[in-house]
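Structure first, commentary second.
Taken together, the values in this text are just the output of simple stated rules run on the coordinates, not laboratory data. Note that the structure is predicted; figures quoted are calculated from it, not measured. Positions of Cβ are generated from backbone atoms using ideal geometry, with glycine treated the same way; all protein chains shown enter the neighbour counts.
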């Protein structure tokens, strides 16, 4: 479960970096396919990654591992969204 959560986290960071114009992620604009993608589509990818991370986080919330990495990512996203929005 760690590899899919890491991939989804990377997709989420890439989408947020493209939406807000963060420097390492804006280098994707120089690639042939990615320069034609507008911000509306990056936000769709961020929402899809968040939905899948929520599913992984809910699956990880058991009595054995209540605070696993997907849960920490989910909690951090919610708290970060509260302060950003």
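What the Cβ-Cβ distance of residue 31 and residue 2 gives, at R0 = 30 Å and to the nearest 0.05, is a FRET efficiency of 0.65. The length gained by stretching the chain between residue 22 and residue 83 to full extension, at 0.36 nm per residue less their Cα-Cα distance, is 20.1 nm. The protection proxy used here, the mean number of other Cβ atoms lying within 10 Å of each residue, ranks peptides 26-37, 72-83 as follows, highest first: 72-83, 26-37.
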